[in-house]
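Everything on this sheet refers to the single structure shown next.
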Amino acid sequence: MSDEPVITSYAKAPNRTVTTSGTTFAYRELGPRGGIPVVFFGHLAATLDNGDPRIIDPIAKTRHVIAFDNVGVGGSSGTVPPTIEQAAEAAYRFIHVLGYDEIDVFSFSMGGMIAQDLIVAHPGLVRRLVLTGTGPRGGKDIDKVLRTTYFDLLRAALTRSDPKEFLFFNRDTAGKRAGKAFIARLQERTTDRDAAIGLKAFQTQLRAIQRYGRSVPSDLSTFTMPTLIANGDNDRMVPSVLSIDLHRRIAGSELIIYPDSGHGGIFQYHTDFAPRAVEFLNR
């Protein structure tokens, strides 16, 4: 096995599955094996095909990277959990069956919410944490995500665009260009692509985020691991002020806010952000 070439391109990472407690998880892994893996937690409606290769590939040059489908999404079996806490427990089962008792986490949007609940339930599991485009449990206006999402789904349908162009990026010239470039990057994998999320699963995830936004806040003072927080300055899905709130509540955390960008600020500024993420994760 050690003679196998190391895959560092997410577009070429093979699909794998593992089963635990009756659930089959679909996942991809790349990068050199050994050490603590970097596990990617994806956004609302994300499947394995929603990872940005311009962020994953640089990390996979030096680190073992694992991306997975949440329960009931893409190639994973089962039904989408109705709460973020339950999604976190499912993620824990996946990590546990792979044999890891310590991981680094790279999370975006809903993935950051799941990651926070994972840490609350399993302190000591996460060594280093990256939270991007996300907010804390009980964060102000997170529960408005349904209205924003459905509005942008309609706008996208009327213009025959990908909804992420509206949800993740500003509608100025730079944002429109970044959005189209991002969508194009997600098409770089041409074989063995994942199944898109179903409507019922999507709606269940949306309601789970809404519940999370309306819940009692978690005690983030218990988060003692090195944490990197990043967002754009105009996040319409998870308000940018919540990234500042996370930074204030997680002692010693680092914060990056990109100018003139939205929910997908890290994708618009990937040439700056990816090296910073690599450096942070490799410290």
statement: If you go through Asp141, Asp162, Asp172, the only one that is open to solvent by 20 Å² or more (accessible area, probe 1.4 Å) and touching an Asp or Glu at 6+ places or on another chain (Cβ under 9 Å) is Asp172
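Table: residues versus (1) modelled with pLDDT of 95 or more; (2) of a type in the set (Asp, Glu); (3) closer than 19 Å to Gly111 by Cβ.
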residue: Leu206; (1), (2), (3): yes, no, yes
residue: Thr224; (1), (2), (3): yes, no, no
residue: Asp272; (1), (2), (3): yes, yes, no
residue: Ala277; (1), (2), (3): yes, no, yes
- request: Kindly establish whether Tyr150 is open to solvent by less than 30 Å² (accessible area, probe 1.4 Å) and either more than 18 Å from Gly112 (Cβ to Cβ) or part of a helix (DSSP H, G or I) (or both).
  value: no
- line: Screening Arg137, Arg128 for residues that are basic (Lys, Arg), closer than 21 Å to Phe223 by Cα, in contact with a strand residue (DSSP E or B) (Cβ under 6 Å, 6 or more places away or on another chain) and touching a residue at least 24 places away in the same chain (Cβ under 8 Å) leaves only Arg128
message: Looking only at region 233-266, how many residues end up being under 16 Å from Asp172 (Cβ atoms), among the charged types (D, E, K, R) and in contact (Cβ under 8 Å) with a residue 60 or more places away in the chain?
response: 3
task: Name the residue, out of Gly72, Gly78, that is open to solvent by less than 50 Å² (accessible area, probe 1.4 Å), in contact (Cβ under 8 Å) with a residue 40 or more places away in the chain and in a loop (DSSP other than H, G, I, E, B).
output: Gly72
message: surrounded by fewer than 14 Cβ atoms within 10 Å (Cβ to Cβ) and either at pLDDT below 95 or more than 26 Å from Leu125 (Cβ to Cβ) (or both): is that true of Thr190 in this structure?
response: yes
statement: Considering region 34-59, residues that are over 20 Å from Ala88 (Cα atoms) and touching an Asp or Glu at 6+ places or on another chain (Cβ under 9 Å), and then whichever is surrounded by the most Cβ atoms within 10 Å (Cβ to Cβ), we arrive at Asp49
field: Complete set of residues in region 229-252 that are touching a helix residue (DSSP H, G or I) at 6+ places or on another chain (Cβ under 7 Å), assigned to a loop (DSSP other than H, G, I, E, B) and open to solvent by less than 30 Å² (accessible area, probe 1.4 Å)
entry: Met237, Val238, Ile250
statement: Residue count, region 95-114, condition buried (at least 24 other Cβ atoms within 10 Å of the Cβ), assigned to a helix (DSSP H, G or I) and of a type outside the set (Val, Ile, Thr), comes to 4
- request: Test Arg155 against the stated conditions and say whether it is within 27 Å of Arg63 (Cα to Cα) and open to solvent by 60 Å² or more (accessible area, probe 1.4 Å).
  value: no
query: When region 168-187 is examined, which residues are found to be under 19 Å from the mean Cα position of the chain (by Cα) and not in a helix (DSSP H, G or I)?
result: Phe168, Phe169, Leu186, Gln187
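The values are calculated or read from the model by the stated rules, or taken from the named source; none is laboratory data. Since this is a predicted model, take the numbers as computed values, not measurements. Neighbour counts run over all protein chains shown; Cβ positions are idealised from the backbone, glycine included. We work out accessible area using only protein heavy atoms, side chains counted, and drop any ligands, DNA or RNA first. Shrake-Rupley method; radii C 1.70, N 1.55, O 1.52, S 1.80 Å.
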